[in-house]
Amino acid sequence: MLAIASDVAECRICPRLVEWREQVAEEKRAAYADWDYWGRGVPGFGDPSARLIVIGLAPAAHGANRTGRMFTGDRSGDWLYRGLYRAGFANQPESVTIDDGLELNDAFVTSPVKCAPPANKPTTTERDACRPFLDRELEVLNGRVFVALGGFAYQGLCSYFGVRPRPTFGHGVEVEIDTVNGPATILCSYHVSQQNTFTGRLTEEMLDAVFSRAAELVVR
């Protein structure tokens, strides 16, 4: 996993993403003017023996692109790690900096695209260029439950596991799959984006239901 993380951090394959992540790291947001932004590809984070794998979309420009740890330092991460904490997968409910003491238990968090994209919208070319990194992570992890945060992650997981036909994405949808490690489940959730949490499309109760179900499935 360390080799994958190093390769992710050093990757410069996609010119648009490299330019954007470095521009954000240079110009910064006023609230983080004193920060030394990470400004590189962001590897996955968590327990290397995890059975629960959480897949998002991409690092946030002033979140993981700033801190260097997936879903750390932004409001989406606040929601995610509180949910993982309540379900027993994290030792604390917040994720502020890369050295804040957060540890995941039986959970690993990653994304199909490793660099912060402009407007949080990677192109299909960028997604495909980044796919080998996610593939490598999934190959070494012992996943039993794969929580897809949003349709982008869901499509990527279905492609990786060869799900045909692909059931329609929806919050709480479960898809049974076969892996090299045995039967597993893709479990869908709306993304923890501010667009979803501010509007009430995703509530903490809804997120808790997904992670409670994930806790049941990892031990089956």
Exercise. Filter segment 168-201 down to residues that are under 20 Å from the mean Cα position of the chain (by Cα) and of a type in the set (D, E, K, R) and give me whichever is farthest from Phe146 (Cα to Cα).
Key: Arg201
Practice problem: Report whether or not Ala5 is more than 18 Å from Pro132 (Cβ to Cβ) and either in contact with a Pro (Cβ under 6 Å, 6 or more places away or on another chain) or not β-branched (Val, Ile, Thr) (or both). | Solution: no
Practice problem: Could you check how many residues of segment 126-158 are touching a Cys at 6+ places or on another chain (Cβ under 8 Å), farther than 16 Å from Gly41 by Cβ and of a type outside the set (A, V, I, L, M, F, W, C)? | Solution: 1
Quiz item: Which residues, counting only those in segment 45-67, are farther than 19 Å from Lys121 by Cα and assigned to a loop (DSSP other than H, G, I, E, B)?
Solution: Asp47, Pro48, Ser49, Ala50, Arg51
Quiz item: So Arg21 fits all but one of (1) out of contact with any Cys (no Cβ under 6 Å at 6 or more places or on another chain); (2) basic (Lys, Arg); (3) within 20 Å of Glu126 (Cα to Cα); what number is the exception?
Solution: (1)
Quiz item: Within segment 121-135, how many residues are surrounded by 16 or more Cβ atoms within 10 Å (Cβ to Cβ) and under 15 Å from the mean Cα position of the chain (by Cα)?
Solution: 5
Exercise. For segment 19-40, state whether one or more residues are under 14 Å from the mean Cα position of the chain (by Cα), in a loop (DSSP other than H, G, I, E, B) and surrounded by 14 or more Cβ atoms within 10 Å (Cβ to Cβ).
Key: no
Quiz prompt | Selection count, segment 6-47, where residues are modelled with pLDDT of 95 or more, more than 13 Å from Ala61 (Cβ to Cβ) and not charged (D, E, K, R) | solution = 13
Quiz item: Can you name the condition, by its number, that Ala90 falls short on among (1) over 17 Å from Leu104 (Cα atoms); (2) more than 14 Å from the chain's Cα centre (by Cα)?
Solution: (1)
Quiz item: Are any residues in segment 83-102 of a type outside the set (Phe, Trp, Tyr), in contact (Cβ under 8 Å) with a residue 24 or more places away in the chain and under 26 Å from Val219 (Cβ atoms), and if so, which ones?
Solution: Gly83, Leu84, Arg86, Ala87, Gly88, Ser95, Leu102
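The values are calculated or read from the model by the stated rules, or taken from the named source; none is laboratory data. None of these values were measured; they are calculated from a predicted model. Positions of Cβ are generated from backbone atoms using ideal geometry, with glycine treated the same way; all protein chains shown enter the neighbour counts.
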